[in-house]
Amino acid sequence: MPLIVAFLFLAGQLLIIPAAFAQTDAEALARRLLNSQGCKACHSFEGTGATRGSDLDKVGSRLTREQLRSQLVNPQHRHAAGRIADFSHLQDHEVEALTDFLSQRR
């Protein structure tokens, strides 16, 4: 019986581990996108970047997830009256990672 309990415990731990890695991967992707897409050319984030645009450290407390997503993706390719670059080239999973990450910045 103790062997079965130990097995079930370990099996349960294995189910938890992939979710933690997925979260880390999504955060890493979002951080890479913040740098590779030039966000910090206008925005500050975690003490680096410019101040022309709004600070992204607490953007999740100012905008909803839907508002953030619409800033990145919209059919007219207009972003903040042309002040934000067009991100229509991003894949869906990249947009979701960036949106989720920024919406959690509070």
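The values are calculated or read from the model by the stated rules, or taken from the named source; none is laboratory data. Owing to the predicted nature of the structure, the values given are computational and were not obtained by experimental measurement. Every residue, glycine as well, gets a Cβ built from its backbone with ideal geometry; the counts of neighbours run over all protein chains shown.
Quickly run through segment 77-92 and pick out the residues that are surrounded by fewer than 16 Cβ atoms within 10 Å (Cβ to Cβ) and either in contact with a strand residue (DSSP E or B) (Cβ under 8 Å, 6 or more places away or on another chain) or modelled with pLDDT of 90 or more (or both).
Gln91, Asp92
Only one residue in Leu63, Leu10 is of a type outside the set (S, T, N, Q) and either under 16 Å from Ile84 (Cα atoms) or at pLDDT 90 or above (or both). Which one?
From the options Leu63, Leu10, the qualifying one is Leu63.
For segment 26-76, how many residues are surrounded by 12 or more Cβ atoms within 10 Å (Cβ to Cβ), part of a helix (DSSP H, G or I), free of Cβ contacts under 8 Å to residues at least 60 places away in the same chain and small (Gly, Ala, Ser)?
3
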